[in-house]
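The values are calculated or read from the model by the stated rules, or taken from the named source; none is laboratory data. Values in this document were obtained by computation on a predicted structure and should not be read as measured data. Positions of Cβ are generated from backbone atoms using ideal geometry, with glycine treated the same way; all protein chains shown enter the neighbour counts. Keep in mind that these areas ignore ligands, DNA and RNA; they rest on the heavy atoms of the full protein, side chains included. Shrake-Rupley method; radii C 1.70, N 1.55, O 1.52, S 1.80 Å.
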Amino acid sequence: MATVALVTEGRAKRRTPKHHRLTLALPYLIPAVVLYGWFLLYPMLDAVRLSFFEWSGFRIQEPVWVGFDNYVRLFTQDAVFWTAFGNSVVWVILSLILPTGIALILALGLNRKMVGRNLMRAVFYIPAVFASITVAAMWRWIYNPTLGFVNQFLEAVGLGAWTQSWLGDPQFALGSIFIANIWQAVGFSMVLFLAGLQTVPVELIEAAKLDGANAWQRFRAVTVPALRPTTIVVIILTIINSLKVFDLVVGMTGGGPAQSTQVLALWSYTQSFTNHQFGMGGAVATVLLIVTLALVIPYMAWSMKGEDR
Amino acid sequence: MTSAVATPVIAPEIFDDKSARRRRGRPDYVGIGLWISLGITALLWFLPLYLMFMTSVKGRPDLNSTPMWSLPTTWEWGNYASAIDTGDFWTTAGNSLLIAIIKVPLGLAIAAAAAYALARIRFRGGRAVLMVIAIGSMVPVQIGLGPLFSTMLNLGLLDSLYGLILPYLAFGIPYQIFVLYGFFRGVPEELEESARIDGASTFRIFWQIVLPLAKPALAALFVLDFVATWNEYAMATTLLRTQSNWTIPLAVQSFSTQYGTDYGPMNAFIFMSAIPVLIVYLLFQRYFVQGALAGAVKG
């Protein structure tokens, strides 16, 4: 009886008009909204605004309105932009295949009870705790043309002809950076997949076993569907992190040689802070923003589906 | 120590049909093959760490004359001392720690409050606010770096260690709100209602009922945010100038001069710089996994 009374009273409470609830919510919301608006949303929108101006970034100079000129220059005259754009696209696609695929395979393997399982998980996860900028420094040393591991190893096993200036050759530089990225990125996705594997219903696996389903059938019918939400999260995080790639490139090549490893995030930064063209930097940032939103909003729509407001 | 790092997931043994095979008296070839391939992959993954360590204990003569994978002829533990010196370790680590210690708990508190308002108070326009914030968690930081520089300049907070905390908070909050929102949505309404009838204020409900339930998520976010803050480079390099204000990721630059890079001490520095992050990870790893799980399943 008492519970019934409680519930009805509660319901009544929840029917407080929505505008009244806003006053109730404001104190909780204001710090986050102010910080977010001031130091994240505003700078991002301002980058879009700046893309219509020519501005050196120095305070003594006033930004000059140039309309779409920056975009015209970006798309027709700025060869580096297209390299950066292409590299960012390649980076996203490769990231979705290699580190993500390896992480999934490792998670499936390491979900099994075996000797040294925890040690192996540790080995795969540890690279993820290093700062990307330090990973870049480490790997620059590994790729050092004369003293670095890669070339020394190739010499030692008689493949001396394959030695390269890995970061100095436009043909190999981006791939070389990407290998360092694989090394670092696998651990986090692996942990997410391992966590996701815990949601696989054991009873279903057992039932499938009793019905005579083999390992592959059990995997297809039970594990894959259960892993779907985790996979979506891993994919979206991978896309976001790929579009953000900055530290590794800055630390290993700075975008060179001959801009061959340039990516959108770095090109925007370079245009603004090195070339003192905040307008062009803003235009690159805007393109990056649009690309990001195009990839992320479908996910947002999906994840908000089923919310009852 | 290392093995503990990885205990994150104590998973049910879904693919473990070893016992079944053993009963049939056949050796578990699949299991052995799997173990060997995983072992080889793990060795491959360990290799860079091993090379880094070897580099960190070699002097210049060894670096120039012995293969990278060989043991040093003389162990140069002095590299660690000179790394502390060159990288100004105590100052930069102190700066990074100061930022993380203020920023991480504060950011979590702010994000939790906002997530609570969005998930439990459910006011008019809440959904739009949530949408805008959630999108913010996905957009690359670099997009706003140019204008952020101007903003910080206008506020007189450029090259200020404490000033850096503000954009750090702003860039951490959206993702945390996003995750905590999902958590708070899952809290049964009855809990809240009965507390309300007992006369609890909105704040008490937040503080004493809803927040404690989110402990695993908060712990997971704490680890992630600590690691991210400690390792953050793009904003720090844009907004900090003076060397005494540098954070750990900026200090790595100290080892490269126009005459080349001092690889021994640099690698020693890199190892030392990861220690605080490993400690935090070890302390919170148990929760980290529950939280990662919750975050992943929530979607």
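Which is more than 8 Å from chain B (Cβ to nearest Cβ), of a type in the set (A, V, I, L, M, F, W, C) and either farther than 29 Å from A:Val92 by Cα or assigned to a helix (DSSP H, G or I) (or both), of A:Ala137, A:Ala208, A:Ala195? Spell out how you get there, then give the answer.
On the way: A:Ala137 fails: more than 8 Å from chain B (Cβ to nearest Cβ); A:Ala195 fails: more than 8 Å from chain B (Cβ to nearest Cβ).
Checking each option against the conditions leaves just A:Ala208.
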Q. Hey, any hits in the range A:92-106 for a residue that's over 30 Å from A:Val200 (Cβ atoms), at the interface with chain B (Cβ under 8 Å from one of its Cβ atoms) and buried (at least 21 other Cβ atoms within 10 Å of the Cβ)?
A. no
Q) Across the range A:28-51, what is the number of residues that are buried (at least 19 other Cβ atoms within 10 Å of the Cβ) and more than 8 Å from chain B (Cβ to nearest Cβ)? A) 1
Q: Quick one: in the range B:60-114, of everything that is under 22 Å from B:Tyr162 (Cα atoms) and among the charged types (D, E, K, R), which residue is farthest from the chain's Cα centre (by Cα)?
A: B:Asp88
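Could you say whether any residue in the range B:149-168 is among the acidic types (Asp, Glu) and more than 8 Å from chain A (Cβ to nearest Cβ)? Steps first, please.
If we filter the range B:149-168 for residues that are among the acidic types (Asp, Glu), which is where we start, we get B:159.
Going one step further and asking which of them are more than 8 Å from chain A (Cβ to nearest Cβ), we end up with B:159.
Yes, there is a match, as at least one residue in the range B:149-168 is among the acidic types (Asp, Glu) and more than 8 Å from chain A (Cβ to nearest Cβ).
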Q) Taking the range B:31-65 on its own, how many of its residues are more than 7 Å from every other protein chain (Cβ to nearest Cβ), farther than 17 Å from A:Leu119 by Cβ, assigned to a helix (DSSP H, G or I) and touching a residue at least 40 places away in the same chain (Cβ under 8 Å)? A) 2
Q) Applying the selection to the range B:188-229, what residues are among the β-branched types (Val, Ile, Thr) and open to solvent by less than 10 Å² (accessible area, probe 1.4 Å)? A) B:Ile205, B:Val210, B:Val223
Q. Considering only the range A:257-268, how many residues are surrounded by 22 or more Cβ atoms within 10 Å (Cβ to Cβ) and more than 11 Å from every other protein chain (Cβ to nearest Cβ)?
A. 2
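Residues checked against (1) closer than 26 Å to A:Ser176 by Cα; (2) in a helix (DSSP H, G or I); (3) within 10 Å of chain B (Cβ to nearest Cβ):
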{"position": "A:Thr199", "(1), (2), (3)": "no, no, yes"}
{"position": "A:Gly212", "(1), (2), (3)": "no, no, no"}
{"position": "A:Arg220", "(1), (2), (3)": "no, yes, no"}
{"position": "A:Pro225", "(1), (2), (3)": "no, yes, no"}
{"position": "A:Pro229", "(1), (2), (3)": "no, yes, yes"}
{"position": "A:Leu237", "(1), (2), (3)": "yes, yes, yes"}
{"position": "A:Gly255", "(1), (2), (3)": "yes, no, no"}
{"position": "A:Thr270", "(1), (2), (3)": "yes, yes, no"}
{"position": "A:Leu289", "(1), (2), (3)": "no, yes, yes"}
Q) Counting just the residues of the range B:157-174 that are outside any helix (DSSP H, G or I) and in contact with a helix residue (DSSP H, G or I) (Cβ under 7 Å, 6 or more places away or on another chain), which one comes out surrounded by the fewest Cβ atoms within 10 Å (Cβ to Cβ)? A) B:Asp159
Q: Exactly one condition in (1) in contact with a helix residue (DSSP H, G or I) (Cβ under 8 Å, 6 or more places away or on another chain); (2) open to solvent by 60 Å² or more (accessible area, probe 1.4 Å); (3) at negative phi is not met by B:Gly87; state its number.
A: (2)
Q) Checking A:Asn241 against (1) open to solvent by 40 Å² or more (accessible area, probe 1.4 Å); (2) in contact with a Gly (Cβ under 7 Å, 6 or more places away or on another chain), which test does it fail? A) (2)
